[in-house]
Amino acid sequence: MKTQKLRRNRLTSLSNSRWAAYATAGAATAIAGANSAEAAIHYSGVLNVSVPTGESVAHTFSLDNAAVIRFVNILTGSSGPGGDALFRIQGAAVSNMFAGTAAGAFRYPSNLAAGASIAARPFASMNSNFFATLAYGGGFAHSKFLAAGTDFIGFRFNGGSGIEYGWARVTMNGAPGNGFTVVDYAWGDVGTAITAGQTTAVPEPASLGLLAVGAAGLLIWRRSRGKAAA
Amino acid sequence: MVEANRKRKVLLIGWDAADWEVITPLLEEGLMPTLDGLINRGVMGNLATLQPILSPMLWNSVATGKFADKHGIHGFIEPDPKNGGARPYTSTSRRCKALWNILTQSGLRSNVVGWWASHPAEPINGTVVTNAFGGVKFDPERGWLIPPGTIHPADKAAFLARFKVFPSELAEAHILPFIPNAAKIDQQTDRRLTPFAKVLSDAASIHAVATALMETEPWDFTAVYYDAVDHFSHAFMAYHPPRLEWISEEDFEMYKDVVKGAYRFHDMMLERLLQLAGPETTIILCSDHGFESGSQRPRGTPREPAGPAIWHRQYGIFVMAGPGIKRDERIYGASLIDIGPTVLTVFDLPIGQDMDGRPLLEVFETPPQVKTIESWEKKTGECGMHEEGKEMGPDQAQELMQQFAALGYIEDPDADKGKQEESADIEAKYNISRTYLWKNQPDRALPLLEEIARRRPWEDRFLYQLAACYFQNGYLQQAERLLSATYDDSGPGNATATLLLAKIKLARGDFGGGLQALLAAEAMNPWIPGVYTQIGEVYARLLQWEKAKSAYEKAVSLDEDNALALQGLSSVYRRQGLNQETVDTALRAVSLLHRLPLAHFNLGVAMARSGESERAILAFETALRFQPNMVNAHRYLATLHRNNGGDAEKAKFHRQETEKITRSRPRAKKAKTDRFEKLFDLPEIPKREERLKILLRERPDPKPDEKKSGKNFTLVSGLPRSGTSLMMQMLEAGGAKLLIDGERVADMDNPKGYYEWELIKQIGKKPEVLDTEGLDGRAIKCISMLLQQMPLKHNYKVIFMTRPIEEVAVSQRTMISRLATKGAELDNEQLQRGLTMHRNEIRHWLKSVPHMEFIEIDYPTLIQNPGPEVSRLVEFLGADRLPNSAKMAKVIDPSLHRKKGGKPMPQ
């Protein structure tokens, strides 16, 4: 079993500090910040917290640095009977923003697909008192979560130590009631790139380091690539 | 059988072209920590190279301990006796045993990976993966192709082939440490990333194979050769800091880290090798030559075979560490010819007396007793060399030839066979003549150079080398005559030939004329250290010590590793009575190049004057080893042995030698001066302009800017079985003009016919088939393997069909098994991996070339919903090429898509 023998040896290969030394100097600035070894993603686990139409109770979930995200559904009557699905991020000392747009006093988060890079989205600040609208009754033009189905909300916050990005996954029941379920959420430490739905900081293996390990490293690299492509 | 020391293990690592001048700053910055550690626990030093500085010759000298005239590898290519034309030098051309043969004979096991001219693999005790491993390929129609002879034993081929790394497998993260701004490169206009990826993936392949063998095979000796430092340096050293004035700032910023990254990557690979080898293994890390990295970097590369060698520097690197090896010491005067004997010494095996190198005894804490035998060649017994008459197949030869041509080492491999054969013969003779000149055997070089100068009197390098050879033989008049025939009356006009002219004048005792010529050479090129060394020599002969000194110092300031200039300086200091300075400079000189009798002599004199008799004796004896008739060394030794109260016998011997040499001197001098005026026939030498014209004709720029034809073809391509025939049918229905013949008729696999044009398959050899009138604008079916061979002078619109790989694989297996070709033996996973790799490779390539535009059409999408795909096609090809586009979708017969889901339909 030659290959097994090769694989057993893989972790003795190249120290992290070795790779870090390699990566630091100007040559490698471009990959710094992609996913460093210390980066971590905090994942809520599956929550499936239901937010039914007109419940009017805000469900609050903690991030770190005093930041929280909140969800609520209130009844609305202005365009016929229905529910108003709302989202808010607040509490971080420096900034609290979400991926989406602002229109006057109103805020509209974008619905992101799984795998979307959070940091790459345009962000808007929360209005100081209001929640942002996911879906409003039968629908206004700006609401992005009117359709039934599962999508992601992106957010970012800064408690003073730098920007942290995260996502929350919601399953919408559809207009006009717009009841929904908060499935789960996650955020990454400062300097961690995160994509919608990503739950662990599987740092991309130090690719060049793996090549330098030779046979064993090459097999690991191919396996990880295979998974990424699958 | 000679019993070798079984406890010892040796790992020999070759880094082609690694140079301390690049490494030292990286060590100081802490960027090569593994190498730093190795140096600290071992010895290091310069490794003097041999001439000519051509890798196949040098690495075979490393492996055999013999110069090229004995080992028989005389360059990159040789005439092919079996198939005609030329072929790369192979292991069958090597005329003597390499280390792995000697070790086989001694009952030891070896792994040999990537060594120059090791193909086809020799049947040694152990494993050989040859320098043809880069040729492992995947062909979508035939499966994995491992050139026969690449791996010994052959049953390891399948296991090892999977460690071949393809350029398309590399990701951003592999490239960014070398080229941080790679994303900004416009690959349509800047192609430097393509060779970069190839070099990196080749290095990764060699390393993966080497580590796999070290982990899975028992071994006593492992030799691994990495060519990447050389290749990265050839491609990117021009951009290495400090920026050269002719390199644009933009290019400099983009590529300045490549060489640095290459060395650091090697340091990382070294870490793994050392880890696998373990502390009980003796490690030898060496390079065959250095690489210009400072102000001496050449501005261009000469238009001649092996022209890139102009970048190579005289000194490579040497590091050795392991049990019984000194620690943290520097050694001096090692040459790459000494590696082989040193390895044998570690194994406690005898050195062949016919070897040209010596074991580097100074590296051992306790120098071992060296055993010798007359010759390993005479030793009988199984040594794993090829049987007489074993040859490489023509296909493999061609493949290797293409690789060398891509590196610029050989001329057009597609030239006609007669021409190829002639070129190979001439280059081999030229190279070996330079070996003779370097070994100071000018009489053996002379007939070879006379022959090639007659055959190619339009090549200046042959004429110059012949003149230098006449000079070295003492035929001054003939050398002068050849120079003046070559350069008319106007003088050479180049510094090298002017220097030779100066040397001739000096040899005749014409110091005034010599100095004048030297000053002329200086004016032509004030950057050649050799000019100043010569000027220094003239002033020294005229006893103008201060002027001599400043000339030598100038040479050292241009090249601080110029051993001859340092030797000259030591002579000046000796004549001035400055003992300390003499010792300093002489030691520096011999540390760079050990064979410098005069420097050893100077050292001896300074030591003798300082009362260091024993050291003086050693220095004089060393001087005599290189120049046995150095009369003053004998004189000193006679005196030293007499005065030292020591050795009357030795004193007597040296006195007698002194007398003998002194007596024979007038005779020797007469014989020498007789030669001066001797004349021979001169070849007919065309005038300078005429030579240049012939040169340009015979050796056109390898990448001519071929004139664009203005024609634009449509190519329907993709992996076999991915819907190319259907696309051809659609184009036909749409009104496009096709280029097809009826040779491969419809069969069960392609019920509606193949729409092929047979001639396209020969496009590589016959690019003119597309030149026929009236073909412009036609659509041709062209399998993906052929895309890269399409002539550059036309433009192409490529419709690249894609289909899920599983479906392609299944479809293909069905067809292959019906055709009963050997591809049917492929296991499915391997087939799919290969197909994926091949497709990525081609896509990657399509994106990077300017003569091809392409769109991808997904076969299942096309079948399910043809409308949008047809619109894309019309947009891509233009409505004028598809006047009836409305009819295209009607061609589609959904039942054709029968391999869906990877399950073949019942037939």
Sorted from largest down, what three extents in whole angstroms do the Cα atoms of the range A:44-99 have along their principal axes? 39, 26, 19
Hey, with R₀ at 41 Å, roughly what FRET efficiency would B:A886 and A:A40 work out to, going by the Cβ-Cβ distance, to 0.05? 0.10
Hey, got the dipole for the range B:219-359? About the Cα centre, +1 on K and R Cβ, -1 on D and E Cβ, debye to the nearest 20? 260
Want the number for A:A113 to A:V57: 0.36 nm per residue separation, take away the alpha-carbon distance, what's left? 17.5 nm
Under the Karplus relation with 6.51, -1.76 and 1.60 and θ = phi - 60°, whole-Hz ³J(HN,Hα) for the range B:192-203, x at Gly and Pro, equal 5, 5, 5, x, 4, 5, 5, 4, 5, 5, 5, 5
Quick one: if you stick a label point 7 Å off each Cα along the C-beta vector at B:L775 and B:K669, how many nm between them? 7.6
What is the sum of charges around B:K70, taking Lys and Arg as +1, Asp and Glu as -1, for the other residues whose C-beta is under 13 Å from the C-beta of B:K70? +2
Hey, what do the phi angles of the range A:128-136 turn into as Karplus ³J(HN,Hα) couplings, whole Hz, using 6.51/-1.76/1.60 and θ = phi - 60°, x for Gly and Pro? 3, 10, 8, 6, 8, 8, 8, 8, 10
For the protein assembly as shown, what is the accessible area per residue in Å², given a 1.4 Å probe and the full set of protein chains? 42
Cα principal axis extents for the range A:41-188, largest first, Å: 45, 34, 27
Whole-Å distance linking the alpha carbon centroid of the range B:21-74 with that of the range B:517-573 is 28
Quick one: which residues, 5 or more positions from A:G82 or on another chain, have an amide H under 5 Å from its amide H? H modelled 1.01 Å from N in the peptide plane, none for Pro or chain starts. A:T76
Label 7 Å along Cα→Cβ of A:L75; the range A:127-149 residues with amide nitrogen under 16 Å? A:137-138
Summed buried accessible surface, chains B and A, 1.4 Å probe, nearest 100 Å²: 3000
Lys/Arg +1, Asp/Glu -1 at C-beta; the protein assembly as shown dipole; positive extreme among B:M32, B:N795, B:I325: B:I325
For B:K652 and B:L692, what is the calculated FRET efficiency with R₀ set at 56 Å and r taken between the beta-carbons, to the nearest 0.05? 0.35
Quick one: which residues, 5 or more positions from B:F854 or on another chain, have an amide H under 5 Å from its amide H? H modelled 1.01 Å from N in the peptide plane, none for Pro or chain starts. B:V798
Taking the convex hull of the Cα atoms, report for the range B:432-483 its projected area averaged over all directions, in nm². 3.0
Normalise the Debye intensity by I(0) for chain B, one equal point scatterer per Cα, no solvent, then take log10 at q = 0.09 Å⁻¹ and round to two decimals. -1.04
Once both labels are modelled 7 Å past Cα along the beta-carbon direction, what's the A:F106-B:E546 spacing in nm? 9.5
Largest first and rounded to whole Å, the semi-axes √(5λ) derived from the alpha carbon gyration tensor of the range B:512-593 read 21, 15, 8
If you line up the Cα atoms of the range B:163-248 on their principal axes, what length do they span on each, largest first, in Å? 51, 26, 17
Approximate spin-label separation B:R142-B:K847, in nm, with each point projected 7 Å along Cα-to-Cβ: 2.9
How long are the semi-axes of the ellipsoid equivalent to the protein assembly as shown, from square roots of 5 times the Cα gyration tensor eigenvalues, in whole Å, largest first? 65, 38, 29
Reduction of at least 40 Å² in accessible surface, 1.4 Å probe, comparing all protein chains with the chain by itself, residues of the range B:168-196: B:E169, B:A173, B:H174, B:L176, B:P177, B:P180
For chain B, longest principal axis from Cα atoms; helix B:394-406 axis from its Cα atoms; angle between them, nearest 10 degrees, is 70
Give, rounded to the nearest 20 debye, the magnitude of the charge dipole that the range A:41-188 has about its Cα centre when Lys and Arg contribute +1 at Cβ and Asp and Glu contribute -1 at Cβ. 220
Grab the beta carbon distance between B:R609 and B:L679, set R0 = 60 Å, and tell me the FRET efficiency rounded to 0.05. 0.85
Counting helices only, and only those DSSP H runs with n ≥ 4, report the 222 nm mean residue ellipticity of chain B as the sum of -39,500 (n - 2.57) divided by its residues, in deg cm²/dmol to the nearest 500. -14500 deg cm²/dmol
Carbon-plus-sulfur fraction of the accessible area of the protein assembly as shown, 1.4 Å probe, in percent? 52
So how much slack lies between B:S709 and B:W527, counting 0.36 nm per residue of separation and subtracting their Cα-Cα distance, in nm? 61.1 nm
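The values are calculated or read from the model by the stated rules, or taken from the named source; none is laboratory data. Predicted model only: the values in this text are computed from it and were never measured. Quick reminder, even Gly has a Cβ in these numbers, built from the backbone with ideal geometry, and neighbours come from all protein chains shown. In case anyone asks, the SASA skips ligands and DNA or RNA and just uses the protein heavy atoms, side chains included. Shrake-Rupley method; radii C 1.70, N 1.55, O 1.52, S 1.80 Å.
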